[in-house]
Amino acid sequence: MCLAIPGKVVETFTAEGMHMARVQFGGVTREACLDYVPETQVGEYVLVHVGFAISRVDEEEARRTYEALAELDQLGELDIPEVSDRSGGVS
Amino acid sequence: MKYLDEYRDGDIAAKLVERIKRVQTKPWVIMEVCGGQTHSIVKNGIDHLLPKGVELVHGPGCPVCVTPLEMVDKAHAIARQPGVIFCSFGDMLRVPGSDGDLFSIKSSVGDVRVVYSPLDCIRIARANPDKQIVFFAIGFETTAPANAMLAWQARQMGLTNVSLLVSHVLVPPAIEAILNSPQNRVQAFLGPGHVCAVVGYTEYEPLAARFHVPIVVTGFEPLDILEGVLMVIDQLESGRAEVENQYSRVLERGGNRPAQDLIGRVFEVTDRKWRGVGTIPGSGFRLRDEFRAFDAEHRFSVQAIDTMEPAICISGQILQGIKKPHDCPAFGTECNPQHPLGATMVSAEGACAAYYAYGRHLKDADLVTLGDNR
């Protein structure tokens with residue numbers, strides 16, 4: 001019920017005094033109300049719940065979180081005892 | 001899709017599980033609050049990936065599940081009235097009341113419509129000026145901005161044929177009720193990411209401090225949940241009890257101010273009954289007096305309704321993390337998604353329905369291994 005899906009704002013417009021947008025979710029485009037995230041620009045990502053954008057997805061933060069998680073891989077590698085003849089390995 | 005697929009990476013999930021195994025030294029019981037998280041955990045088998053000492057119990061965070069039977073019956077009574085178009089989110093349609101569900105009313109006496117957004121009701125109201133449009137406004141804080149906007153717009157536009165049947169619930173009072181229960185087993189929480197996207201998480205800070213429980217506001221993808229579990233265990237193992245934010249790409253501590261502003265103008269806090277649990281003080285929203293004209297409970301006089309839940313159902317204990325679906329003798333037999341006996345089986349996000357949907361009611365003998373031709 002609290003499902004909210006991130007989508008890309010492809011167009012903004014006004015209807016009935018409300019800030020509206022066309023938001024693209026993969027191959028599907030739907031209308032969403034932007035009144036709660038009025039500063040949103042075309043091209044940005046918003047999180048949409050029952051036809052309302054409730055948050056802007058912080059692209060930079062999303063990238064940082066993902067990279068930090070992906071880095072667990074590398075940090076995990078660091079836990080493996082160092083072998084003296086191993087060289088490089090930094091990626 | 002951007003920001004979804006990235007958080008479903010199996011290799012990173014395996015690394016997170018390894019990290020959890022390394023950090024965890026004692027047994028811990030963690031509750032995920034939101035039904036969407038429960039669904040993701042069961043669907044992806046996340047609970048089975050975790051080390052034995054980490055137990056996930058499923059919280060009360062499915063608004064469809066906890067909508068009290070009296071309110072469901074009230075909705076049905078209104079939906080059966082002539083001249084009414086009853087609008088609802090799809091999830092509520094097959095929730096059984098004392099006598100049938102909205103699907104059966106739709107196929108017999110009533111005009112019941114599924115809407116994607118509460119704003120759809122405005123279009124329906126304009127197209128049907130001779131009909132009364134009633135919207136079943138259920139949900140947690142996540143849905144409150146959308147439902148509030150319907151009431152607000154209806155008043156702004158002077159629509160006299162729109163009303164809301166409000167059964168809104170709030171998360172923090174439910175967490176408090178769980179922690180106050182003498183039977184409580186929960187030692188930490190994965191907080192509800194989308195609820196907090198709207199209202200922020202400042203309300204959770206006094207709870208974490210008072211009950212000394214870590215609360216990590218968490219997203220819904222597998223990597224979100226695993227990282228949330230790791231953050232919670234890190235706190236538990238080091239004796240900390242703070243509110244942390246795993247879902248920083250979506251929310252900040254203060255939440256969405258414009259949404260909170262409109263919620264405050266339209267709704268006020270009230271006591272609410274939770275199906276399977278009972279009344280929790282201050283745990284819901286109702287329309288403010290200024291919006292009374294849009295309150296379906298005032299517009300339609302529905303007699304007081306007495307209801308009875310099946311005695312065998314233990315959904316109240318499941319919603320509070322005291323028991324799990326397998327502890328119920330009716331699970332998967334007498335009680336199933338086609339014939340739900342109680343709260344946790346009525347919606348796909350309920351713990352019992354999620355366990356059923358992903359085959360956890362099956363015995364080992366019922367399972368067929370791929371490639372096994374016997």
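Laboratory data are not the source of any read-out in this text; all were calculated from the coordinates shown. As the structure is a computational prediction, the values presented were derived from the model and not from experiment. A quick note on method: Cβ atoms are made from the backbone with ideal geometry, for glycine too, and the neighbour counts reach across all protein chains shown.
Classify the stretch B:237-334 as rounded, prolate or oblate, taking a ≥ b ≥ c as the square roots of the eigenvalues of its Cα gyration tensor: rounded when a/c is under 1.5, otherwise prolate if a/b is larger than b/c and oblate if not. List each step's numbers first, then the result.
Details: a/c = 2.77, a/b = 1.05, b/c = 2.63.
Oblate, because a/c is 1.5 or more while a/b does not exceed b/c.
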Within 10 Å of each Cβ in B:118-126, the average number of Cβ atoms from other chains:
2
Label-point separation (nm) for B:F103 and B:E334, each offset 7 Å from Cα along Cα-to-Cβ?
2.2
Kirkwood hydrodynamic radius of the stretch B:1-133, from inverse mean 1/r over distinct Cα pairs, in Å
18.3
Would the stretch B:81-151 count as rounded, prolate or oblate if I go by the C-alpha gyration tensor, calling it rounded below 1.5 in a/c and otherwise prolate when a/b exceeds b/c, oblate otherwise?
oblate
In terms of Cα to Cα distance under 19 Å, which aspartates and glutamates are near enough to B:K131, apart from those fewer than 8 places away along the same chain?
B:D111, B:D120, B:D295, B:E297
Residues of the stretch B:303-333 with backbone nitrogen within less than 17 Å of a virtual label 7 Å along the Cα-to-Cβ line of B:T279, please, listed as ranges.
B:304-308
Give the calculated FRET efficiency between B:R8 and B:Q303 to the nearest 0.05, with a Förster radius of 41 Å applied to their Cβ-Cβ distance.
0.25
The protein assembly as shown pair-distance distribution - Cα-Cα, 20 Å bins, rounded %:
24, 56, 19, 2, 0
Kindly express, to the nearest 10 degrees and within the range 0 to 90, the angle between helix B:69-79's C-alpha long axis and the longest C-alpha principal axis of chain B.
40
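In the stretch A:5-79, what is the volume of the convex hull around the alpha carbon atoms, normalised per residue and reported in Å³?
Cα convex hull per residue, to the nearest whole number: 95 Å³.
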Can you list the aspartates and glutamates whose alpha carbon is less than 14 Å from that of B:K324, not counting same-chain residues fewer than 8 positions off?
B:E32, B:D47, B:E55
Pop out the ³J(HN,Hα) list for the stretch B:32-38 in order, Karplus 6.51 cos²θ - 1.76 cosθ + 1.60 with θ = phi - 60°, rounded to Hz; leave Gly and Pro as x.
8, 7, 8, x, x, 5, 4
Sort B:296-308, B:154-166 by the packing proxy (mean of other Cβ within 10 Å over each peptide's residues), most packed first.
B:154-166, B:296-308
In peptide B:140-147, how many Cβ atoms from other protein chains are near each Cβ within 10 Å, on average?
5
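Among DSSP beta bridges whose residues both lie in chain B, state the antiparallel percentage, nearest 5.
Values: 10 of 43 bridges.
Taking every DSSP beta bridge with both residues in chain B, the antiparallel ones total about 25 percent.
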Once you measure Cβ to Cβ distances between cysteines in the protein assembly as shown, which Cys have no partner under 4.7 Å?
A:C2, A:C33, B:C34, B:C87, B:C121, B:C196, B:C313, B:C328, B:C335, B:C352
My understanding is that a pair violates if its Cα-Cα distance is over 32 Å; which of B:K26/B:K273; B:K26/B:K363; A:K8/B:K273 do that in this structure?
B:K26/B:K273; A:K8/B:K273
Quick one: which residues, 5 or more positions from B:V166 or on another chain, have an amide H under 5 Å from its amide H? H modelled 1.01 Å from N in the peptide plane, none for Pro or chain starts.
B:A137, B:A296, B:E297
Let a ≥ b ≥ c be the square roots of the eigenvalues of the Cα gyration tensor of the stretch B:286-328; is it rounded (a/c under 1.5), or, if not, prolate (a/b larger than b/c) or oblate?
oblate
Would you mind computing, in nm to one decimal, how far apart the modelled labels at A:T29 and B:K43 are, each placed 7 Å from Cα along Cα→Cβ?
2.6
Under a Gaussian network model of chain B whose springs join Cα atoms within less than 10 Å, the largest fluctuation of B:Y201, B:Y355, B:Y116 belongs to B:Y116
